Amino acid sequence: MLRLTDIRLPLDHHPDDLKQAICDRLDLSGDAISGFTVYRRNYDARKKTAIMFSYTLDVVVADEQAVLARFPNHPHIRLAPDMTYRFVARAPETPFMRPLVIGCGPCGLFAALILAQSGFKPIVLERGKNVRERTQDTFGFWRERRLDPESNVQFGEGGAGTFSDGKLHTQIRDPKHYGRKVLSEFVKAGAPEEILYIGKPHIGTFRLVRIIEQMRKDIIALGGEFRFMSRVDDLLIENGQIKGVILSNGETILSDHVVLAPGHSARDTFDMLYRRGIQIEAKPFSIGFRIEHPQSMIDRCRLGPNAGNPLLGAADYKLVHHCKNGRSVYSFCMCPGGTVVAAASEPGRLVTNGMSQYSRNERNANAAIVVDITPDDYPGHPLAGVSFQRQLEQKAFELGGSNYNAPCQLVGDFLKGRPSTRLGSVIPSYQPGVTPCDLSQALPDYAIEALREAIPAFERSIPGFSLDDAVLTGTETRTSSPVRITRNRDDFQSVNVRGLYPAGEGAGYAGGILSSAVDGIMVAEAIAQDIVKKTSQPS
């Protein structure tokens, strides 16, 4: 196939216009086009009165080389890459120990899927509950303030990404097109086919629940096994080689290949790894607040007279500001038409996150507005970032009233340095409730200073961003893992324990659903190749 990029058409174009655009680009008649598929569709809203769709198309013609010869070095005509996923190894006939996968977020789930599809019959160990039971526990916390430390936004089948916007785009380099494999598996499990081609695909929580359940069934049908409520409390290590794991109930499971994908909030696991001598180091992350505006305001600012067009959906944004004090402030995990959610995983501590359903039709837009921090801000220990997070989360809990209410402040009050005592026209979406206060007490001074500089600066991109009645809700601390469990670049194994494969966001190698899933695929391939290599060696 040929790949054509930057095919631009107005919002109200007819489907037949796509084929005509192909004919015009290639200077061919319609009979010469055997077929085409949409690989990517974005929209360009720089001119709000004339928003355009921009297409990337894969086109079938009779003689690709002849067409290419007529357009040498054309910037928007080339051969389409082969994106077919090919398994790197198949399970051997000779006996081998089944690989273990610790954690069932996107990384663990796709590691297990690739291993199962390759015939290796993995065992998945998840500390939380299955996704449907976990959803019930999470909504119970939001409604009734009952926090289950093992079943919440952070822990359970599906990982933290289950209670998010379900975003499926990433900026990672992906030369082997693993991202396409991820999206294709989601579609196979019930996701809408549009995620294969729209520019910023997303699924949403309720749909993710059904998709994750189907993927689990597929893995089990291929010989895989899932064990929920199975927290790994220790590792068996002999002479620098992993030999198995010990669960919280005392059970030992032996294996010489273990995927370690615990998620970014598995603080007790990080502590265990440090005590067992696994090489682990502090890494940068970010802290800040959630900010809420009326979604209708964001739509008008981003889409102008096309606000509300169902072809465009709820508008999003991406912002960054470099502050005078050397910090960077940026928007993170923007959720159009979504809600701010309670994301705590430890009693007596408060964390926020953002979530959208597939429809994105809630009244508010929300995003994290966060400040970058580095290990220089929490020096002295590989796990110092964890301690720093806990301090901020405990402070947020106290500011909210020590009952899982979130502390909040109107943007106008925050910028003027005065406590909020009431709410305005923007109604906070956080459940179970909010407590107006002075959020300057929630973060270090350097972070507050940076946020007070950045929010008015964002006004230049989105008029109304510093709206007096917009709401800040504290505190966002789980933007990414505060640690990195170091691994080799070539074989993905821990630098000092063979057979242990740190992976995904919790290990410090991904950020978001898609990049975590891709990392899971790469680690699964490394394990498959290592098992085949070792079983083929003469004993």
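The values are calculated or read from the model by the stated rules, or taken from the named source; none is laboratory data. None of the values given here were measured: they were computed from a predicted structure. Neighbour counts run over all protein chains shown; Cβ positions are idealised from the backbone, glycine included. Ligands, DNA and RNA are stripped out before the accessible areas are found, and what is left, the full protein with its side chains, is counted by its heavy atoms. Shrake-Rupley method; radii C 1.70, N 1.55, O 1.52, S 1.80 Å.
Brief remarks follow.
- Restricting 308, 304, 288, 263 to residues that are of a type in the set (Gly, Ala, Ser), open to solvent by less than 10 Å² (accessible area, probe 1.4 Å) and either under 30 Å from residue 473 (Cα atoms) or assigned to a strand (DSSP E or B) (or both) narrows the list to 288.
- Filtered residues of region 38-71 (kept if in contact (Cβ under 8 Å) with a residue 40 or more places away in the chain and either open to solvent by 70 Å² or more (accessible area, probe 1.4 Å) or touching a Cys at 6+ places or on another chain (Cβ under 8 Å) (or both)): 43, 48, 49, 70
- Every test in (1) in contact (Cβ under 8 Å) with a residue 40 or more places away in the chain; (2) assigned to a helix (DSSP H, G or I); (3) open to solvent by less than 10 Å² (accessible area, probe 1.4 Å); (4) more than 22 Å from residue 86 (Cα to Cα) is passed by residue 153 save one, and that test is (2).
- Residue 163 meets the conditions (1) of a type outside the set (Ser, Thr, Tyr); (2) modelled with pLDDT of 95 or more; (3) under 30 Å from residue 249 (Cβ atoms) in every case but one. The failed one is (2).
For (1) closer than 19 Å to residue 91 by Cα; (2) buried (at least 24 other Cβ atoms within 10 Å of the Cβ); (3) without any contact (Cβ under 8 Å) to a residue 12 or more places away in the chain, each residue gets a yes or a no:
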| residue | (1), (2), (3) |
| --- | --- |
| 490 | no, no, yes |
| 504 | no, yes, no |
| 520 | yes, yes, no |
| 530 | yes, no, no |
| 538 | yes, no, yes |
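- Residue, farthest from residue 339 (Cα to Cα), within region 454-478, restricted to residues that are open to solvent by 50 Å² or more (accessible area, probe 1.4 Å) and not small (Gly, Ala, Ser): 460
- Which numbered condition residue 273 fails, given (1) buried (at least 20 other Cβ atoms within 10 Å of the Cβ); (2) not in a helix (DSSP H, G or I): (2)
- Counting only strands (runs of 3 or more DSSP E) that fall entirely inside region 441-509 and contain at least 3 residues that are among the hydroxyl-bearing types (Ser, Thr, Tyr), no element qualifies.
- Of all residues in region 421-430, one or more are assigned to a loop (DSSP other than H, G, I, E, B), open to solvent by 60 Å² or more (accessible area, probe 1.4 Å) and either of a type in the set (Asp, Glu) or in contact with an Asp or Glu (Cβ under 7 Å, 6 or more places away or on another chain) (or both).
- Answer from 119, 105 - the residue that is open to solvent by less than 70 Å² (accessible area, probe 1.4 Å), on the phi > 0 side of the Ramachandran plot and touching a Gly at 6+ places or on another chain (Cβ under 9 Å): 119
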